[in-house]
Amino acid sequence: MAFVPDRRFASLAEAFDFILNRYAMEPRQRLWLETESGLAVPHCAPCYLFRGECGEFKTTKSGIHRPDTYGLRDGRLLSDRDLEALGNLIPDLALRFSEDDYSLDPHSSIGLLQHYGLPTSMVDFTERLGCAFAFAAAGSATVGRVAVVPFRVLYKTGGVVNLTDHRWAERPRRQAAFGILTTAELADLKSEAARSSLNLRWYEFPVSRSDQDYLMGKYHDLVRLSDDPSAGFVRFHITEYVEAHGKFSPALADWLLERVPIAPRCYRVMGFEARAVVLSHLGASALPTYSDATEVAHSRRYWSSAHDECSWDRMKDWTWPQEGSVAADPRTYHSNP
């Protein structure tokens, strides 16, 4: 059955006013969360979550369930062997973020991967209507859509993850993000089954050039990498993974380079405690120079089996800089002379 929105509006402004007054202005609600000990504690939550899309997409599925996820911009598709390698990489990275230095729970680990380019079972939502509309206008399409879902319904099913105060990921904090964990039964949030089960509504509206101009700045603020201290984590740990498990095919390496932020793992050295180093992570803007093209080229040589370079060679004779210094892991930063 073809997708039909619950309502079409004559303009983005009309849609915004309707959704704002009908849903977004509702005060936050108190829900009771049962802890592992069985004790119920009060939990303050939004009444509704929102999702913005720019374009007339027939379905809304998580990344792992979309066939186009596994294609490259030049038309190449990942092979079965590449998909197997990716199926090993993603859970390994999620497990890495659960180790002591990050100590994330499984859902928070997946949320970090989701927001920095890797396909997961999550679909992004936000508690801020303005964020949803920024995404709905962030593209070249002339049609935008916003989905609205009651938080209480998701809360009862256990299928929602709060990422608004993520300990290690700046981007979902900026976006006041929540993740909806999709299931095989409710894989498509535009399906009649999902819309009925979740009481989910879709609203459609035209997106004008002036709408795009007005909201594009806000969109870029939500996804900007230059001052995002978390932006380089996934790239850094992919490099470590390759060092431990071997290189990827050229196609998979290129696929990762198209999706994962190619940012430095940048930090200020705050001090030394016994055998540990205390770091404050920073964005690329803290470095004197930074070239996206240079970094993509180096990561391709480190990750792809078409090249012989080993990223670990960058660590020869490397030592931690002195306290107060701003630096970056040498495998993720190749400064210009």
**Item:** Residue ID - surrounded by the most Cβ atoms within 10 Å (Cβ to Cβ), chosen from residues in region 86-139 that are touching a strand residue (DSSP E or B) at 6+ places or on another chain (Cβ under 9 Å), hydrophobic (A, V, I, L, M, F, W, C) and outside any helix (DSSP H, G or I)
**Value:** 125
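With the condition kept exactly as written, say whether any residue in region 84-96 is more than 22 Å from residue 181 (Cβ to Cβ) and either outside the structural domain of residue 251 (by TED's automatic domain parsing) or basic (Lys, Arg) (or both). Don't jump to the end; show me each part of the working.
Our first condition is that a residue be more than 22 Å from residue 181 (Cβ to Cβ); within region 84-96, this holds for 84-85.
With the extra rule that they be either outside the structural domain of residue 251 (by TED's automatic domain parsing) or basic (Lys, Arg) (or both), the set shrinks to 84-85.
Yes, region 84-96 contains at least one residue that is more than 22 Å from residue 181 (Cβ to Cβ) and either outside the structural domain of residue 251 (by TED's automatic domain parsing) or basic (Lys, Arg) (or both).
So, residue 74, is that one among the acidic types (Asp, Glu), out of contact with any Cys (no Cβ under 8 Å at 6 or more places or on another chain) and surrounded by 14 or more Cβ atoms within 10 Å (Cβ to Cβ) or not?
Details: among the acidic types (Asp, Glu): yes; out of contact with any Cys (no Cβ under 8 Å at 6 or more places or on another chain): yes; surrounded by 14 or more Cβ atoms within 10 Å (Cβ to Cβ): no.
No; evaluated as a whole, the condition is false for this residue.
Name every residue in region 140-157 that is in a strand (DSSP E or B) and either outside the structural domain of residue 125 (by TED's automatic domain parsing) or aliphatic (A, V, I, L, M) (or both), in order of residue number. Write out each step before concluding.
Initial filter on region 140-157 (in a strand (DSSP E or B)): 143-150.
Within region 140-157, 143, 146, 147, 148, 149 qualify.
Just the residues that are assigned to a helix (DSSP H, G or I) and touching a residue at least 24 places away in the same chain (Cβ under 8 Å), please, taken from region 66-85.
69, 70, 81, 82, 85
May I ask you to verify whether residue 26 is part of a loop (DSSP other than H, G, I, E, B), at pLDDT below 95 and more than 15 Å from residue 252 (Cα to Cα)? Steps first, answer last, please.
On the way: part of a loop (DSSP other than H, G, I, E, B): yes; at pLDDT below 95: yes; more than 15 Å from residue 252 (Cα to Cα): yes.
Against the criterion (part of a loop (DSSP other than H, G, I, E, B), at pLDDT below 95 and more than 15 Å from residue 252 (Cα to Cα)), residue 26 qualifies.
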**Request:** Take residue 79 and decide whether it is buried (at least 18 other Cβ atoms within 10 Å of the Cβ) and of a type in the set (Ser, Thr, Tyr).
**Result:** no
**Filtered residues of region 175-185 (kept if surrounded by 19 or more Cβ atoms within 10 Å (Cβ to Cβ) and more than 30 Å from residue 281 (Cβ to Cβ))** = 182
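Out of all the residues in region 215-223, is one or more over 17 Å from residue 112 (Cα atoms) and crowded, with 16+ Cβ neighbours inside 10 Å?
To start, the set of residues in region 215-223 that are over 17 Å from residue 112 (Cα atoms) comprises 215-221.
Still in the list and also crowded, with 16+ Cβ neighbours inside 10 Å: 215, 219.
Checked against the condition, which is being over 17 Å from residue 112 (Cα atoms) and crowded, with 16+ Cβ neighbours inside 10 Å, region 215-223 yields at least one hit.
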**Prompt:** Picking from 206, 250, 172, which residue would you name as being under 23 Å from residue 93 (Cα atoms) and surrounded by fewer than 17 Cβ atoms within 10 Å (Cβ to Cβ)?
**Reply:** 250
**Asked** Does residue 302 count as aromatic (Phe, Trp, Tyr) and crowded, with 18+ Cβ neighbours inside 10 Å?
**Response** yes
**Request:** Please enumerate the residues belonging to region 259-292 that are loosely packed, with under 14 Cβ neighbours inside 10 Å, closer than 19 Å to residue 234 by Cα and of a type in the set (D, E, K, R).
**Result:** 292
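The values are calculated or read from the model by the stated rules, or taken from the named source; none is laboratory data. No experiment lies behind these values; they were computed from the predicted model shown. Virtual Cβ from ideal backbone geometry, glycine too; neighbours counted across all protein chains shown.
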